[in-house]
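**Student:** Before I ask anything, here is the structure I am working with.
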Amino acid sequence: MAEMSNFLENALINATLRNTAYTSPAAVYLALYTTDPTDADAGAEVVGNGYERQAITFGAPSDGVSTNSAVIEFPQATGSWGTIAYIGIRDASTAGNLLFHSPLDVSKIIATGDVFRVAIGSLSVALA
């Protein structure tokens, strides 16, 4: 995952080139999308049926890459979430700002009773 949102791109440019403070979020959350969130944060995030964003912990970066250091597990779906084709990292458990986004390698249909999981080390953020 290396696509930054417009929000994060602007914040990092301001912080590094214009001496404008950027406060890192205390926690970041994985969000699931049925349509591409794009850099402008315009995608359709899953809503309802037991869905809620999940907190992510990342390990220390190495060569510009950091991966999740714990399993990310969403609650069991109480109804269809549709076809999950994209993910995003956000700075709040609700609302907030999109930071990074990416398509999944393989889309996943989440039906009633399904649980969406991301194994340790399977979510990586790279800056190149």
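The values are calculated or read from the model by the stated rules, or taken from the named source; none is laboratory data. Bear in mind the structure is a predicted one, so any value in this text is a computation, not a measurement. When we count neighbours, we look across all protein chains shown, and the Cβ atoms used for this are built from the backbone with ideal geometry, even at glycine. SASA here: full protein model, heavy atoms, side chains in, ligands and nucleic acids out. Shrake-Rupley method; radii C 1.70, N 1.55, O 1.52, S 1.80 Å.
**Student:** Test of understanding: among Val71, Val125, which residue is open to solvent by less than 40 Å² (accessible area, probe 1.4 Å) and within 15 Å of the chain's Cα centre (by Cα)?
**Tutor:** Checking each option against the conditions leaves just Val125.
**Student:** Can you tell me which residues in region 7-26 are in contact (Cβ under 8 Å) with a residue 40 or more places away in the chain and hydrophobic (A, V, I, L, M, F, W, C)? Talk me through it step by step, then tell me what you get.
**Tutor:** Within region 7-26, the first condition is being in contact (Cβ under 8 Å) with a residue 40 or more places away in the chain, and the residues that meet it are 7-8, 25.
Phe7, Leu8 - these are the residues of region 7-26 that are in contact (Cβ under 8 Å) with a residue 40 or more places away in the chain and hydrophobic (A, V, I, L, M, F, W, C).
**Student:** Keeping to region 43-80, report how many residues are more than 22 Å from Phe7 (Cα to Cα) and touching a Lys or Arg at 6+ places or on another chain (Cβ under 9 Å).
**Tutor:** Looking only at that region, the number is 4.
**Student:** I've got another one for you. Between Val125, Val71, Val106, Val65, which is aliphatic (A, V, I, L, M), within 15 Å of Leu32 (Cα to Cα) and at pLDDT 95 or above?
**Tutor:** The match here is Val106.
**Student:** Answer with yes or no whether Gln76 is of a type outside the set (A, V, I, L, M, F, W, C), under 13 Å from Val28 (Cα atoms), surrounded by 12 or more Cβ atoms within 10 Å (Cβ to Cβ) and in contact (Cβ under 8 Å) with a residue 12 or more places away in the chain. Outline the logic, then answer.
**Tutor:** Details: of a type outside the set (A, V, I, L, M, F, W, C): yes; under 13 Å from Val28 (Cα atoms): no; surrounded by 12 or more Cβ atoms within 10 Å (Cβ to Cβ): yes; in contact (Cβ under 8 Å) with a residue 12 or more places away in the chain: yes.
Criteria not met by Gln76.
**Student:** Would it be correct to say that Ala40 is of a type outside the set (S, T, N, Q) and buried (at least 16 other Cβ atoms within 10 Å of the Cβ)?
**Tutor:** When the stated conditions are applied, Ala40 does not pass them.
**Student:** On to the next question. Would you point out which residue out of Asp36, Asp63, Asp41 is without any contact (Cβ under 8 Å) to a residue 40 or more places away in the chain and among the acidic types (Asp, Glu)?
**Tutor:** Working: Asp36 fails: without any contact (Cβ under 8 Å) to a residue 40 or more places away in the chain; Asp41 fails: without any contact (Cβ under 8 Å) to a residue 40 or more places away in the chain.
From the options Asp36, Asp63, Asp41, the qualifying one is Asp63.
**Student:** Would you mind finding the one in Ile120, Ile87, Ile110 that is under 12 Å from Ala31 (Cα atoms), out of contact with any Cys (no Cβ under 7 Å at 6 or more places or on another chain) and of a type in the set (Val, Ile, Thr)?
**Tutor:** Exactly one of Ile120, Ile87, Ile110 is under 12 Å from Ala31 (Cα atoms), out of contact with any Cys (no Cβ under 7 Å at 6 or more places or on another chain) and of a type in the set (Val, Ile, Thr), namely Ile87.
**Student:** So which residues in region 47-60 are open to solvent by less than 60 Å² (accessible area, probe 1.4 Å) and touching a residue at least 40 places away in the same chain (Cβ under 8 Å), if there are any at all?
**Tutor:** Arg53, Ile56
**Student:** Here's another thing I want to ask about it. Find the residue count for region 4-37, including only residues that are closer than 11 Å to Leu98 by Cα and either in contact with a Cys (Cβ under 6 Å, 6 or more places away or on another chain) or crowded, with 16+ Cβ neighbours inside 10 Å (or both).
**Tutor:** Final tally of qualifying residues: 9.
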